[in-house]
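Coordinate-derived values only; no laboratory data. Just so we're clear, the structure is a prediction, and the values are computed from it rather than from any experiment. Note that we place each Cβ from the backbone using ideal geometry, even for glycine, and neighbour counts take in every protein chain shown.
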Amino acid sequence: MTLYGIPPAGMRRAMAPESGRDHAHAIADAAHAWWTSNRGGSSDRAIAVGTLAGLALSAPSRPDGPDYGPLLLPLNDEQLIDALRAGWNSFWTYDPDLTEAARPLHDWLSHPTETDIRGLSDYARVLVRAGLLEYCSDTARAESDDILGLLITRMRSYSERQSTGEFFTPAVVISSPLQISGT
């Protein structure tokens, strides 16, 4: 049985890629594909990444937690903005230092324009259907790769990445030398 076009959380968890890394890549690919097709590519990266981060904040705190997907899917663009603000405000209260570091991800929410919010509810549906809530509620999965880094890298053009010398380094590459050295 599906609700608002998505199966229940338990079924979404069962359908998710086995590897957390593969799951992160599938979510980032779905997010980037939708954004490129509907919002014109890399413009408004802060909105694309900030929306993903805001929705990630609404993930249950454990894999068998409540299913928030059906609560998010019926929201229209304006209601989603309100939900994202509520998530960021809760996060601000919980950990102000970390929130300050994440300021670029949520600054656009203070005064969003019609262009900023156009289609965000559709984008949120893509993220929920891709398993973002299940990915973020499972600590082992979420620690397997940096989903925000993946999306940011995909949103930047090759020339942007090349000009700054910044390239995303997957978690598996970072952990390999540590495993070899025995740390």
Highest average packing first - 52-59, 130-137, Cβ atoms within 10 Å | 130-137, 52-59
Got a sec to turn the phi values of the range 139-147 into Karplus ³J(HN,Hα) couplings, 6.51 cos²θ - 1.76 cosθ + 1.60 with θ = phi - 60°, whole Hz, x for Gly and Pro?
-> 4, 4, 5, 5, 7, 6, 7, 8, 5
